[in-house]
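Written out below as structure tokens is the structure these notes cover.
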Amino acid sequence: MVNASQTPAWSLADEYESYEDRLFLDDIARVEACIAELEGMGGNFAQALASIEGLEIPVAASTPENAATAELLERCRSAMVLAEEASMLQENTRVYVSCRLSVDGSDIRGKELRGEIGSRSARLLGAAAPLELLLTLAPDSFFSRFLDDGRVARQRFRLEQLRKLRDQRLSLESERLLSAFSTDGFHAWGNLYDSLSGTLSCSVEQDGKRMSMGIAEAASLLRSPDRPRREAAWRAVNGAYAGHEETLAAILDALAGWRLVEYGLRSTRSTVHFLDPSLHQNRMRRSTLDALISVVDESKELGREALRLQAKLLGVERLAPWDILAGAPELRGAEGRPLDFEAALALVARAYAGVHPSMAEFVRGEAAARHIEARALAAKRPGAYCTEFPKSRSTRVFMTYGGSLSDVSTLAHELGHAYHSSLLADLPLPEADYPMSLAETASTFAETLLGELLAEEAEDDRSLLPVAWSDARNAATFLLNIPARLAFESRFYERRKERPLGPETLSALMREAWADYYGDALSEYDGSFWCSKLHFYKTGVSFYNYPYVFGYLFSLGLYARRETLGGEFHARYAALLRDTGRMEVEELARRHLGVDLSAPEFWRGSLSILRRKVERFGSLASRLDQAAR
């Protein structure tokens, strides 16, 4: 690990100075005022819903709507402006509280505010529900006339996506009840997991001594070059979660049970499969996901071969679960020390500069503005993310930096998210809300940039090894680990239809998924992976797994066009990213890349790039093996 004093702490003061900051309190008060006003207008929309067919407007341009319809349209537009403002301020306060809790999971006031914000979110959704439902179910002519106003025209794509779910909408009262109950029901379970993982500690043996540390700090040791230390950290983390298996299983069962009941309620006109909401959130068709996973499944052996090559260089017969995140055996910074954060940031900036100088300037600007949190802290939550304050359109990057190449790659990845957001900062918020599938495009593209820079600058096999090792780890991650998560979650949801599942069953399902993908490439399977993986417990999204595979392979396909487009690439790349919040993935790929994502050919082309990377690693491993003899 690097010295904690060498890693940056972010500043949130540009948004709010504290929980008592007058601006923070004023924004909350404004949200409350908007909610009250929306609630007062709701009766008009509810009344209109009762006679929805009567909202048909004659198509003739010269025929004006009647006075009552004109008044309703104006009310709808005014309410939409209010709802947009309230949503923006509500999200701004939520992000602030979430950022503070990420750094300190024991923040009591932050937990209280998170609960208050959750309740307020439910009220806001409930207050906006009549308007949303009216615009979802309204005749095309009314919807079109509603958008014929500059104040709300930017809502077009978002509302058109909602209208695709018309057959799945419940009555207004039912939608309101679901929203109201979700705060202290559905979302409370996710908050429980966050609180648990943020406050858990474990004891890890290091250099003959036992040290107490938070889960995030212990998890960062899984990237240590010391194999016994990795194993000790892995067992400590799993041991910490093992004491809460019954609670964790109850959380997963509750989340899936809620979703399945809701999907059943929404299936009166057309069946809602448990994957459908996730696909809709990712603006992706099932045919695209099927094509993607079919090509990934064709390539399992490539991921397994990558693991076998890593095992060979580590001097073990097969890798163990605690080796999956390990750095290359010869990976060191200067004089055998981990790479310090400033050197890592400079590496990322140079990689970004390979596409365009403005990208490097952005990286340095984020650090200078103190938008990066990278310290190792006892009460810090595990994982890494990038978030945005919608009010200022400024981003924050969160991670725990330990000095490994994997940490440098994580830095490049999260700054990729931040760069993506910066390109959208001048667009209206509704047009900048991109799905997770496309969010991973810029981040994984950034990782590829970093890897290729390091490969190009490698002076010998020793310096090439960390890069090639990272390529091998990517092959195993995107072809085995993440698809195994999808397989586990899919099987879990199928079984959960019948009854709640206990820890033993969940562990068996996880081992089964790992066996399907890892095969004989590991010495054992991590049956407890369902306990420690935050992604299974997120309430805002379900199936938080396959979009990473999509993003990685999509970005490889994008990277392949860099050489052919030459100087035009950055402009084309930026144009694609700017459209991610206002197009479905298939349309985006057709317009900017000229490809059909529902056909396997595009994905196989991306896999061919990954295959070359693994082959490069194999050749390197052979040379190093021969040199060692």
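Every number here is computed from the coordinates shown, using simple stated rules; none is lab data. Everything numeric here is computed off the predicted structure, so don't read it as measured data. Using ideal geometry, Cβ is built from the backbone for each residue, glycine included, and neighbour counts are taken over all protein chains shown.
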* Structure fact -> Percent of all alpha-carbon pairs of region 22-184 at distances over 26 Å, whole number, is 34 percent
* To do: Return the long-range amide H neighbours of M211 (sequence gap of 5 or more, or a different chain), with a cut-off of under 5 Å between placed amide H atoms.
  => V204, E205, Q206
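Thinking of region 348-404 as a set of Cα atoms, what percent of all their pairs are more than 20 Å apart?
The answer is 35 percent, as a whole percent.
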* To do: Please get the size of the charge dipole for region 22-184, origin at its Cα centre, with Cβ charges of +1 on Lys and Arg and -1 on Asp and Glu, quoted in debye to the nearest 20.
  => 420 debye
* Structure fact -> The set of residues whose placed amide H lies less than 5 Å from the amide H of K380, leaving out same-chain residues fewer than 5 positions away, is G105
* Structure fact -> Whole-Å distance linking the alpha carbon centroid of region 561-591 with that of region 17-80 is 36 Å
* **Mean projection area, nm², convex hull over Cα of the chain** => 28.5 nm²
* Asked: What angle, in degrees between 0 and 90 and rounded to the nearest 10, separates the Cα long axis of helix 461-476 from the longest principal axis of the Cα atoms of the chain?
  -> 40 degrees
* **Three semi-axes of the equivalent ellipsoid, region 49-120, Cα gyration tensor, whole Å, largest first** => 44, 12, 9
* **Inverse of mean 1/r across different Cα pairs in region 242-400, Kirkwood, Å** => 21.2 Å
* For every helix of n ≥ 4 consecutive DSSP H residues, a contribution of -39,500 (n - 2.57) applies; sum these over the chain, divide by its total residues, and give [θ] at 222 nm rounded to the nearest 500 deg cm²/dmol. => -21000 deg cm²/dmol
* Structure fact -> With the dipole of the chain defined by +1 on each Lys or Arg Cβ and -1 on each Asp or Glu Cβ, the option from L314, P483, L222 whose Cα lies farthest towards the positive pole is L314
* By the gyration tensor of its Cα atoms, with a ≥ b ≥ c the square roots of the eigenvalues, what is the shape of region 201-243: rounded for a/c under 1.5, prolate for a/b over b/c, or oblate? -> prolate
* Could you let me know the centre-to-centre spacing of region 343-398 and region 83-105, using Cα atoms, in angstrom? => 19 Å
* **Between helix 600-628 and the chain: long-axis angle, C-alpha atoms, 0 to 90°, nearest 10** => 20 degrees
* To do: Run the numbers on the chain and let me know its relative contact order in percent, using alpha-carbon pairs under 8 Å that are six or more apart.
  => 18 percent
* Asked: With the contact rule set at Cα under 8 Å and sequence spacing of 6 or more, what percent relative contact order holds for region 201-243?
  -> 39 percent
* Taking Cα centroids, how far is region 135-190 from region 434-459 in Å? -> 35 Å
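Go through region 84-160 and name the trypsin sites (Lys or Arg not before Pro) that are in a DSSP coil and have 13 or fewer other Cβ atoms within 10 Å of their Cβ.
R151
What's the magnitude of the charge dipole for the chain around its Cα centre, counting Lys and Arg as +1 and Asp and Glu as -1 at the beta-carbon? Answer in Debye, nearest 20.
That gives a dipole near 800 debye.
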* Unit charges at the beta carbon, dipole of region 22-184: most positive-side option, M80, T183, G40 -> T183
* Asked: Which whole-number percent gives the relative contact order of region 22-184, counting Cα pairs below 8 Å spaced six or more residues apart?
  -> 33 percent
* For H535 and A458 in the same chain, what is the full-extension length gain: residue separation times 0.36 nm, less their Cα-Cα distance, in nm? -> 24.2 nm
* Asked: What angle do you read, to the nearest 10 degrees and between 0 and 90, between the alpha-carbon axis of helix 22-50 and the longest principal axis of the chain?
  -> 50 degrees
